[in-house]
Every structure is written in structure tokens, then in C-alpha cells.
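Below is one structure, written out as C-alpha cells; the observations come after it.
All of the numbers you see were taken from the coordinates with simple rules; none came from a lab. Only a predicted model underlies this, so the values are computations on that prediction, with no experimental measurement involved.
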Amino acid sequence: MDHRILDLILVCAKGLKKSSFIGRMDVYAVASISGTTGKIQKLRTTVDKNGDTDPTWNFPMKFIIDEPAALQNNHILVVKIKAARIFRGKNLGEVHVPIKDLLDGVKVEGKSLESVSYQVIRRSGEPKGILSFWYEVGEKFTGKPVESVTVYPPPPPPPPMPDIWPSESWINNSGMGLGTGLIGGF
């Protein structure tokens, strides 16, 4: 099976609709690639706390693409733009891009970044804003892609056990204790 690496850099969004009348919006984006395989790859940008309706992320992402499925228009890049809230983000809009369009737009295979912009579509269907990103499609590789695995170092050893009470000097009765003093005085 032929695969490719899709490198994205989510650059910015411009002209988003404000989600509330009070204060600035803290905006982030969630990018995912869905398709017929049933497996969804999903990544999230950092939160832009200063951009409000024009957030900037410049956030790199990496996805593995099943090229034959993508060329049959079975994979879609979905970028959801959200305003951070206490419990869950408010959806400001989405961009849907067929991966086939990105593969078709590559000028030199695996060699250059391409810049694209797409309209952000609100839940109501109204276009409001533009999402811009860079992408690069890596060279083909065959076989099953290696799953990313999070590896953590082993935990440090536990601290040494504290001394157990009573101490050895208490058990040996080698010191001048209360009983010895009383007996020695007679």
C-alpha cells in the first residue's frame, strides 16, 4: 500500500465571526483527516490569545496519507476553528479540503511547500473568514506506516526506607538507662 506524509503548517485565519461581545477570543484549530478507513488522525494547534478574530498559529502538523484512497477522493482534511471556553470550545467555523486536491496541487513531488487559503464556513452555511496554511507532500513509501508511540522514561527508584523504630541501641540496652541507674545506686 502506498502512503505519503502530509506536512501542514496552519498559519492563520482572518475575518472570523466574533463569538461573544465581551473580551477577546482565544482561538485554536483542530485538524483531522477522515476517510473510509475509519481511522481518524487528529491534531490541535496552540491557543492564540491575542489574535481575536484574526488568529495566527504557525503550527506544524504531520499526517500519514493512504495515497490510493486519497486519489479516489476518500480522504478529507477537516479544520475546525474554535474559541476556547471553560468546558469546551465554541465552533467558529470549518474548512473541508479533499486530500486529492492537495495531491493534485503539488508542483514537484516532495520538494516544495505550497500555500493555500480556503473559506471558513460557519455552522449556518454562511462563509465567514479565510484559513491559510502551507503544505508539503512527502515522497511515496510502501507498507504499513509505523504507528507513533509515546515512550516515557522509567520512573526513578523509590526513596530509601526510613530507619525503623525502635533503634538498635534501644534494643541492645547498651546505654545507661533508667533501670541501670536505679540498680547501680544501691
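Counting pairwise Cα distances across segment 63-142, what percent come out greater than 21 angstrom? Here the long-distance tail beyond 21 Å is 39 percent of all Cα pairs in segment 63-142.
Expressed in nm², what is the orientationally averaged projection area of the convex hull enclosing the Cα positions of segment 35-102? Provide the component values of the computation, followed by the final result.
On the way: hull surface 22.2 nm².
In nm², the orientation-averaged hull projection of segment 35-102 is 5.5.
Using the Kirkwood radius over Cα pairs, work out the Stokes-Einstein diffusion coefficient for segment 2-139 at 20 °C and 1.002 mPa s, in µm²/s as a whole number. Here the translational diffusion coefficient equals 140 µm²/s. For the residue pairs K90/K140; K18/K100; K17/K140; K62/K100; K49/K140, alpha carbon separations beyond 28 Å are given by K90/K140; K18/K100; K17/K140; K49/K140. Extent along the principal axes, Cα only, for segment 20-69: 46, 21, 12 Å, with the longest axis given first.
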